[in-house]
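Visitor: Here you go, one structure.
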Amino acid sequence: MKYKYNVPILNAEMPGKEDVQKLTPNPATRELLEKMADDGCETCFDRFEQQQPQCGFGLRGTCCRMCQWGPCRISEKNPTGICGKDQASAIIGNLLRALVAGLSAHARHAHEIYLSIRAAAAGKAAIPLKGTERLMDLAGRFGLDTTRPASELADQVAGILLFDLSRMEAEPMAMLAAYAPRERRETWERLGVMPRSAAFEVMEALHMTTLGGCSDWRALAAQELRAALAYCYSTLFGSSLATEILYGIPQPRVTTVNYGVLKSDHVNILVHGHSPVMVEKILDKLNSAEIQARARELGAAGIVVGGLCCTGDELLARYGIPTVTNIMGQELALGTGAVDAVVVDMQCVLPSLQQVAACYGTRIITTCASNRIPGAVHIPFDPENPETLEDDAHKLALLAVEAFAGRDRQRIRIPRETTAAVSGWSYEAIMERFGGPKQIAGLLRDGKIKGLATVVGCNNPKVPYEYNHVTITKKLIAGGILVTTTGCSAHALLNAGLCAPAAAELAAPALAEVCRELDIPPVLAVGGCVDNTRTMRLFIDVADAAGRSMPEMPYLFVGPEPGNEKTVGQGVSFLAHGVSNVIGFPAPIPVPLPRKPAGAAAEDDLERGSNEIADFFAGEGLREKVGAKVYTEPYPELAAQTARLHIRRKRQALGWD
Ligand code: BF8
């Protein structure tokens, strides 16, 4: 068998700490990197340098570790694994396994929320059902009798959502049937990629990729789409909308973010992770007169709560609670020396957190049985036995506040940066501000807004921290493209000031005018990663209002710094909906560089290197199937140009330019 990928590979120069110091946009990051180096406290930026050079097989997705015969490194010398698996199957199999690992993470999150709704409905725990509007909306969409009492409806809705997570037979997913556009459903039916449930598609993906399983990469690619649709509707739509049943639909609020929100004379508590149930209860307790008085008794002037990662994004959206930073900034936040306690639930919590905490005397508290950290205080929330929630939250709030007493305060240095922001851009808030999907479609058609892009996802040490998020986004808004954002990307854009109305001055004149007229920023922070649902609903409803299919629309999904396995499903979900992706480093696919063909005369007579998987994602394969493709571009200036060109081509095809 011929090895097809013996061509140079699209790669980025790996940045060292010096490059990060030069390029990272937030001055607070630079200050804290220096401080932590002076304090002798190691971070992921140090460990990234120590890991260089990283394995080329891993980087290209050509290492197969799916059985105990391997690991097999697929190369020119050895074009198949020991079992005979070829390169394409190895690469797409790795991607599929990453996607379903991410799907499992989101499914576990969703499971906790759905069981919490059940517990609330049964009156087993003091968990609210504040989002009556969302409950009634979903009950109506699921065909329930909306005259029944709210607790009964909540229990029924939770049951339907749990079935979307777990169904084993070939029946439609309820959430997909309720929200997916008809044209998309017909496309997915035609492609044979309709999903059953999260659990079934995870099972099938692992089954297909086990030793002696599926060796047809096209069938694996179809399962990638199927699993992404299960991901999208059972765990993104499910979690996001179910969380609104519990805590209500966010509304815009003016707030302040960034490291400078921490205060040296206050108790500083960071909340971190993804599932909101325990943290919401802890917030209630922290606001109580008793805990506030305890903080003052210990000598603190008050209590500051700051958000990390998606828990931070969600609390920012719901209450305007200030966010501090994202996955790669979590160690830096502790490096301020000012953090008394970090309360973490699930996912994206660096295992190093306890070591950094030890440097600064910070107390780490874990609240999810799936996410233990040795040395941390552990009081888990169990939605099946929620009766202790109230007492546990009280205990945790007290533990967090009492961490203030007796800490070494000599190492405190809080960067001054604070940044204005407007949070709370739920789907409903966006619609209210614009007047509805028809109005947004009109602004797109008239060219006042050139396109809609969502800039999302993690950080990755393979690019200078946050540089790609901020650089691409500035160029998108300068090109008249309205941006939504979630996850770690949102933290970068919030701290860069792009989520404040004043950022309109960086936008193209027509977009700036729209922003000023509606008093919105050009970058709308819509929530945590599961709240990509809000952007997807926006895209679906605006396309419908414009009378166009999703693939025709000037939309883009931009993931400048993908890191967690969860982001694979995000990108593929949007692809399945006909929304192209612009992805930064790293895609674990060998993307060949253009090269001079043998015998070519001119220096610039280049041809694109080719392989099946890169062609499937970036060429016609996927585009013919779902109407969208992937652009991989690690250099943010070029990525933004690609994005703007894509939007322009869509507009020209629609006759809007
Ligand atoms: O779900 S963006 S590093 S925080 S995975 Fe994690 Fe990635 Fe950050 Fe939330 Ni999303």
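The values are calculated or read from the model by the stated rules, or taken from the named source; none is laboratory data. Not measured: the values here are computed from a predicted model. Please note: Cβ atoms are built from the backbone with ideal geometry, for glycine as well, and neighbour counts cover all protein chains shown. SASA here: full protein model, heavy atoms, side chains in, ligands and nucleic acids out. Shrake-Rupley method; radii C 1.70, N 1.55, O 1.52, S 1.80 Å.
Visitor: Provide the solvent-accessible area of L211, counting protein heavy atoms only and rolling a 1.4 Å probe, rounded to the nearest 10 Å².
Guide: It works out to around 80 Å².
Visitor: Take every DSSP beta bridge with both residues inside the chain and express the antiparallel ones as a percent of the total, to the nearest 5. Working shown, then result.
Guide: Numbers: 10 of 46 bridges.
So the antiparallel bridges in the chain amount to around 20 percent.
Visitor: Another question about this same structure. I want the local charge near G547. Using Cβ-Cβ distances under 14 Å, sum +1 for each Lys or Arg and -1 for each Asp or Glu among the other residues.
Guide: Numbers: positive: R182, K438, R445, R548; negative: E183, D541, D544, E552.
That works out to 0.
Visitor: Around Y360, with a cut-off of 14 angstrom between Cβ atoms, what is the net charge of the other residues, counting Lys and Arg +1 and Asp and Glu -1?
Guide: Details: positive: K35, R363, R407, R409, R411, R413; negative: D38, D39, E42, E331, D340, D408.
Result for the neighbourhood of Y360: 0.
Visitor: Given a Förster radius of 22 Å and the C-beta distance between K263 and E390 as r, what FRET efficiency does 1/(1 + (r/R0)^6) yield to the nearest 0.05?
Guide: Details: r = 28 Å, r/R0 = 1.29.
So, using R0 = 22 Å, E works out to roughly 0.20.
Visitor: Separate question: For the stretch 495-558 and the stretch 283-311, write down the distance between their C-alpha centroids in whole Å.
Guide: So the separation of the two Cα centres works out to 34 Å.
Visitor: If contacts are Cα pairs under 8 angstrom and at least 6 residues apart, what is the relative contact order of the chain in percent?
Guide: In percent, rounded to a whole number, it is 17.
Visitor: Determine the distance separating the Cα centre of the stretch 570-589 from the Cα centre of the stretch 134-199; give it in Å without decimals.
Guide: What the calculation gives is 25 Å, centre to centre.
Visitor: Take the Cα atoms of the stretch 278-383, find their three principal axes, and give me the spread along each one in whole Å, biggest first.
Guide: Principal axes ranked by extent give 34, 32, 24 Å for the Cα atoms.
Visitor: Rounded, prolate or oblate: which fits the stretch 462-565 when a ≥ b ≥ c are the square roots of the eigenvalues of the alpha-carbon gyration tensor, with rounded for a/c under 1.5 and prolate only if a/b beats b/c? Don't skip to the end; give the middle numbers.
Guide: Working: a/c = 1.72, a/b = 1.12, b/c = 1.54.
Judged from the Cα gyration tensor, the stretch 462-565 comes out oblate (a/c at least 1.5, b/c at or above a/b).
Visitor: Okay, moving on. Based on the mean of other beta carbon atoms within 10 Å per residue, what is the order of 184-191, 483-490, most packed first? Mind showing how you got there, number by number?
Guide: Numbers: 184-191: 15.5, 483-490: 30.2.
Highest-to-lowest ranking by the protection proxy: 483-490, 184-191.
Visitor: Also: Rounded to two decimals, what is the ratio between the C-alpha radius of gyration of the stretch 370-439 and 2.2 N^0.38 Å?
Guide: On the way: Rg = 20.7 Å, N = 70, 2.2 N^0.38 = 11.1 Å.
With N residues counted in the stretch 370-439, Rg over 2.2 N^0.38 Å equals 1.87.
Visitor: At q = 0.05, 0.06, 0.12 Å⁻¹, what log₁₀ I(q)/I(0) does the chain have when each alpha carbon counts as one equal point scatterer in the Debye sum?
Guide: Each listed q maps to, in turn, -0.22, -0.31, -1.35.
Visitor: Packing-wise, with mean Cβ within 10 Å as the measure, how do 363-370, 71-78, 505-512 rank, highest first?
Guide: Details: 363-370: 21.0, 71-78: 15.2, 505-512: 18.1.
Most protected by this proxy first, the peptides run 363-370, 505-512, 71-78.
Visitor: Once R0 is set to 60 Å, what does the formula 1/(1 + (r/R0)^6) return for the Cβ-Cβ distance between E432 and A598, expressed as a FRET efficiency to the nearest 0.05?
Guide: Details: r = 60 Å, r/R0 = 1.01.
Between E432 and A598 the formula returns 0.50.
Visitor: Okay, next question. What is the distance, in nm, between label points placed 7 Å from the Cα along the Cα-to-Cβ direction at R296 and at R416?
Guide: 3.1 nm
Visitor: For the stretch 87-247, report the accessible area per residue in Å² (1.4 Å probe, heavy atoms, rounded to an integer).
Guide: Numbers: 5610 Å² over 161 residues.
Spelled out: the 1.4 Å probe surface of the stretch 87-247, per residue, equals 35 Å².
Visitor: Considering only protein heavy atoms, with the full assembly of protein chains and a 1.4 angstrom probe, order H491, H394 by accessible area, largest first.
Guide: H394, H491
Visitor: A further question follows. Quote the Stokes-Einstein diffusion coefficient, in whole µm² s⁻¹, for the stretch 298-357, based on the Kirkwood radius over alpha carbon pairs, a temperature of 20 °C and a viscosity of 1.002 mPa s. Please report the intermediate quantities before stating the final value.
Guide: Details: Rh = 12.3 Å.
My calculation gives 175 µm²/s for D.
Visitor: Over the Cα atoms of the stretch 5-73, compute the convex hull volume and normalise it per residue, giving Å³. List each step's numbers first, then the result.
Guide: Values: hull volume 9.0 nm³, N = 69.
Looking at the stretch 5-73, the number lands at 130 Å³ per residue.
Visitor: Please compute the per residue accessible area over the stretch 5-73 with all protein chains in place, 1.4 Å probe, rounded to a whole number of Å². Mind dumping the intermediate values first?
Guide: Working: 3840 Å² over 69 residues.
Heavy-atom accessible area per residue stands at 56 Å².
Visitor: Among the lysines, select those whose C-alpha is under 21 Å from the C-alpha of K77, and discard any that sit fewer than 8 residues away in the same chain.
Guide: Partners within reach: K2, K4, K85.
Visitor: Further question on the same structure: Give the peptides 628-638, 225-235, 559-569 in descending order of average Cβ contacts within 10 Å, highest first. Can you show the working numbers first?
Guide: Working: 628-638: 19.3, 225-235: 28.1, 559-569: 25.5.
Highest to lowest by the protection proxy: 225-235, 559-569, 628-638.
Visitor: Express the carbon and sulfur contribution to the solvent-accessible surface of the chain as a percent, rounded to the nearest whole number, probe 1.4 angstrom. Each step should come with its number before you reach the end.
Guide: Values: 12030 of 24090 Å².
Exposed carbon and sulfur together represent 50 percent of the surface.
Visitor: Could you give the radius of gyration (one decimal) and Dmax (whole number) of the Cα atoms in the stretch 129-231, in Å?
Guide: Spelled out, the Cα radius of gyration and Dmax of the stretch 129-231 are 16.3, 53 Å.
Visitor: Taking the Cβ of L144 as the centre, find all other residues whose Cβ is under 12 Å away and add up their charges (Lys, Arg: +1; Asp, Glu: -1).
Guide: So the surrounding residues net to -2.
Visitor: If you average over every viewing direction, what projected area does the convex hull of the Cα atoms of the stretch 42-185 give, in nm²?
Guide: Details: hull surface 60.8 nm².
Convex hull of Cα atoms, orientation-averaged projection: 15.2 nm².
Visitor: Counting only Cα, what are the radius of gyration and maximum Cα-Cα distance Dmax of the stretch 417-525, in Å?
Guide: Cα-based Rg and Dmax for the stretch 417-525 come out at 13.3, 41 Å.
Visitor: Would you list, by chain and number, the lysines whose Cα falls below 24 Å from the Cα of K650, excluding same-chain residues fewer than 8 positions away?
Guide: K438, K448, K450, K474, K475, K625, K629
Visitor: Further question on the same structure: Please turn the phi angles of the stretch 77-84 into ³J(HN,Hα) values with the Karplus equation 6.51 cos²θ - 1.76 cosθ + 1.60 (θ = phi - 60°), one per residue in order, whole Hz, x for glycine and proline.
Guide: Per-residue couplings from phi come out as 5, 10, x, 10, x, 4, 6, x Hz.
Visitor: May I ask you to rank I430, I303 by accessible area, largest first, using a 1.4 Å probe over the protein chains only? Numbers along the way, then the final one.
Guide: On the way: I430 5, I303 35 Å².
Order by accessible area, largest first: I303, I430.
Visitor: What does the accessible area of K474 come to, in Å² to the nearest 10, when a probe of 1.4 Å is used?
Guide: So the heavy atoms of K474 present about 90 Å² to solvent.
Visitor: A follow-up question, please. Could you name the lysines whose alpha carbon sits less than 25 Å from that of K124, not counting residues in the same chain fewer than 8 places away?
Guide: List returned: K281, K285, K395.
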